[in-house]
Amino acid sequence: KLSFLVIVLTLFLCGCSIVQAVKLKDCTYQYSHISDVTFLEMTRSELLSLQGIMRVTRFIKSPNEEVKMGFTLHMKVTNPNKGIASMERLYYTICLDDSVQVAEGNIPENFTILGGTSADLALPLSFSMKQLFSGKSKASVSNLAWNAIGRGDSPSKITVNLRPVIRVGGAAMSIPKSIPLTFEYPTPDEGE
């Protein structure tokens, strides 16, 4: 009887986790905004100064130093279900212009969203610019750098592929298919 109870309890827990995965997949993910832009160890307001623009120009012309670009990507996540949707970790990849992968990583924090509500999911991102300034990726990455300081000629097309991880019967399980989110940066209302 005890082993039967353990089996039923295990199936129940797995079933709840699978329901969580379905609820998480049913959520909608929308681009909200980008904040906390840093480049060349400068904040966005510093980058907008004459000195900042000159440093960005020098770097783009001759990317000979190891430089990181960072920003926080905010997404509005809406759970249309009645129950809670949650994840314990989130893996992601970021691509520019459909072909240039600029970053991959994970956010090792729990994220829970109640049924029928929306919440902000903030992804702090950072990647090396120097290694991306070669070949066909240079134009896309240069455009992103200019857009990050509000001086770009055309928006950057950014695709974020999300792969949430949930807990199933005590084991971590990744959602089988990634959730893509594509947007242009900056949007017309983001301005400077």
With segment 79-192 reduced to its Cα atoms and the Debye formula applied, log10 I(q)/I(0) at q = 0.15 1/Å amounts to -0.78
For Lys130, go through the aspartates and glutamates and keep the ones whose alpha-carbon is under 12 Å away, minus same-chain ones fewer than eight residues off.
Glu65, Glu66
For segment 27-152, the per residue accessible area (1.4 Å probe, Å²) is 50 Å²
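The values are calculated or read from the model by the stated rules, or taken from the named source; none is laboratory data. As the structure is a prediction and not an experimental result, all values here were calculated from the model. Side chains included, ligands, DNA and RNA excluded: accessible areas come from the protein's heavy atoms. Shrake-Rupley method; radii C 1.70, N 1.55, O 1.52, S 1.80 Å.
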